[in-house]
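What follows draws every value from the coordinates through simple rules; no lab data is involved. Model, not experiment: these values are computed from the prediction. When we count neighbours, we look across all protein chains shown, and the Cβ atoms used for this are built from the backbone with ideal geometry, even at glycine.
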Amino acid sequence: MSILFTPIDLGNVQVKNRFIHSATYEVMAIETGEVSDKLIKRYQRLAKGEVGLIIPGYMYVHPLGRSYKYQTGIHNDDMIPGLRKLVEAVHQEGGKIAFQLAHAGRQTTKAMIGQTPLGPSSKGRNPITFVKPKEMSADQIQEVIQAFGIAANRAVEAGVDGIQLHAAHGYLINQFISPFFNHRKDEWGGSDTNRFRFLKKVLSEVRKVLPQGMPVFVKLNAHDYTPQEGITPSLAVTYARWLSELEINGLEISCGSPVYSFMNMCRGDVPVKELVNSLPFWKRPLGKLMLRNMVGKYDFEEGYNIEAAKMIKPVLGKTPLFVVGGLRQVAEMREVLEKQYADCISMCRPFIREPFIVKKIKEGNAEAVTCVSCNRCLAAVTHNIPVQCYNRGLPES
């Protein structure tokens with residue numbers, strides 16, 4: 001049997017193969033945050049396609065932590081019935097599901113949350129919205145830490161198999177642990193240890209409500225790719241070691257952020273036309289100039305987080321490592337596991353195009369995924385269009 005189809009134990013959950021659906025914003029929740037039938041259907045298909053562990057798109061734990069209009073919420077108890085239906089649909093197909101908990105921090109808008117976005121520090125304006133965030137007070141920090149714990153409890157009530165904390169892609173936990181975003185001089189900043197404190201406290205709060213053995217995963221940037229130094233691979237190694245010492249049940253590594261380095265997150269084509277059309281008319285000339293300047297600079301590269309994985313894996317001890325980013329050839333996926341660069345293969349775009357790709361690989365009917373990294377699926381998000389393969393272009397918005 002191929003190593004890709006050997007089971008792995010993550011906490012008290014056995015996952016039947018090494019494929020993980022990496023959390024992907026779906027643009028499929030109801031505007032109030034509840035799970036929709038369309039969202040359930042998407043993950044039911046992936047479970048039917050034999051994806052080992054499914055992590056749906058990030059769920060906001062607090063009303064001020066919401067990033068997008070059709071993002072799934074886990075911020076109040078009204079969300080639980082829909083979340084339970086989602087879990088049951090995946091379980092009915094023999095799948096396992098973990099919820100990714102997130103808070104946008106400064107990576108949202110006044111229009112979305114009704115006030116100035118919050119962050120660990122007020123330094124710097126968002127280069128897309130031009131809004132300067134408001135520095136969080138000690139009380140606001142504690143409120144958010146508690147919100148993660150309460151959200152985790154809702155996930156447990158929904159019957160979930162595990163929890164993932166989103167500490168990557170420029171969202172709030174990433175903002176606290178990154179020197180680029182965090183300029184605080186109190187207990188929450190000023191050193192790697194202090195910056196890491198927020199993630200450590202969130203992890204502790206979440207664990208208080210989880211049943212014994214239920215796995216907790218963390219998604220971490222191996223590189224922020226911010227204008228000034230943020231998390232670099234060497235700092236990611238330090239954080240990975242600390243997370244391993246805290247006995248998390250799996251670390252997923254990624255890179256970049258939607259605001260400062262979205263093309264580092266998703267190498268391949270820059271869908272200039274689609275992205276420009278999502279901007280207000282007065283931003284379009286500058287947007288077109290900036291996006292055209294990116295063309296050819298982020299060409300697709302197979303397994304673009306593997307070099308970071310090679311640095312991080314040795315410090316993890318028994319903690320499994322999941323790697324996402326550009327894995328397209330089945331032979332390379334096998335090599336990543338056989339050479340112990342990582343323990344699981346996480347994918348996002350390939351599952352958007354081919355929900356049944358794992359089943360095809362298992363049956364020997366695919367040696368590579370067919371995703372061409374045109375990135376129109378991700379451009380759709382900027383139009384509030386549900387995520388799916390739009391390789392022939394987006395529908396009119």
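Which net charge results when you count Lys and Arg as +1 and Asp and Glu as -1 among the other residues whose beta-carbon is under 15 Å from that of Gly82?
-2
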Exercise. Rounded to the nearest 500, what is the chain's calculated 222 nm mean residue ellipticity when only DSSP H runs of at least 4 contribute -39500 (n - 2.57) each, over all residues?
Worked result: -10000 deg cm²/dmol
For this session: Give the relative contact order (percent, whole number) for the chain; include only Cα pairs under 8 Å separated by 6+ residues.
Result: 16
Problem set entry | Paramagnetic reach from Glu307 (point 7 Å along Cα→Cβ, amide N under 11 Å) across region 228-256 | 233
Exercise. Can you give the Kirkwood hydrodynamic radius for region 114-214, in Å, rounded to one decimal and based on Cα pairs?
Worked result: 14.5
For this session: Please compute the net charge surrounding Val276, taking Lys and Arg as +1 and Asp and Glu as -1 over other residues with Cβ under 10 Å from its Cβ.
Result: +4
For this session: Along Cα→Cβ, 7 Å out, is where each label goes; now give me the distance between the ones at Arg334 and Glu135 in nm to one decimal.
Result: 5.5
Exercise. How much space per residue, in cubic angstrom, does the convex hull of the C-alpha atoms of region 176-293 take up?
Worked result: 155
Problem set entry | Where labels lie 7 Å past Cα in the beta-carbon direction, separation of Asp299 and Gln146 in nm | 5.4
Problem set entry | Part-to-part distance (alpha-carbon centres) for region 42-70 and region 253-311, which is given in Å | 22
Seminar exercise, completed: The Cα radius of gyration of region 49-137, divided by 2.2 N^0.38 Å with N its residue count, comes to 1.32
For this session: Determine the shape class of region 90-161: with a ≥ b ≥ c the square roots of the Cα gyration tensor eigenvalues, call it rounded for a/c under 1.5, and otherwise prolate if a/b is greater than b/c, oblate otherwise.
Result: prolate
For this session: First check a/c for the chain, with a ≥ b ≥ c the square roots of the eigenvalues of its C-alpha gyration tensor; if it is under 1.5, answer rounded, and if not, answer prolate when a/b is larger than b/c or oblate otherwise.
Result: rounded
Problem set entry | Contour excess over end-to-end distance, with Cα ends at Ala366 and Asp186 and 0.36 nm allotted per residue | 59.5 nm
For this session: Please work out how much length the chain gains when fully extended from Lys200 to Lys273, using 0.36 nm per residue of separation minus the C-alpha to C-alpha distance, in nm with one decimal.
Result: 22.1 nm
Seminar exercise, completed: Exposure proxy check on Tyr171, Tyr304: fewest-to-most Cβ neighbours within 10 Å is Tyr304, Tyr171
For this session: Could you please report the charge total around Lys318, scoring K, R as +1 and D, E as -1 over all other residues with beta-carbon less than 14 angstrom from its beta-carbon?
Result: -2
For this session: Set the Förster radius R0 to 35 Å, insert the Cβ-Cβ distance between Asn384 and Leu246 as r into 1/(1 + (r/R0)^6), and round the FRET efficiency to 0.05.
Result: 0.40
Exercise. What are the trypsin sites (Lys or Arg not before Pro) within region 289-397 that DSSP puts in a loop, where the Cβ has at most 13 other Cβ atoms within 10 Å?
Worked result: Lys297, Lys318, Lys339, Arg392
For this session: Give me the distance between the Cα centres of region 107-170 and region 326-353, rounded to whole Å.
Result: 30
Exercise. What ranking of Glu252, Glu26 emerges when the number of other C-beta atoms within 10 Å of each C-beta is taken as an exposure proxy, fewest first?
Worked result: Glu26, Glu252
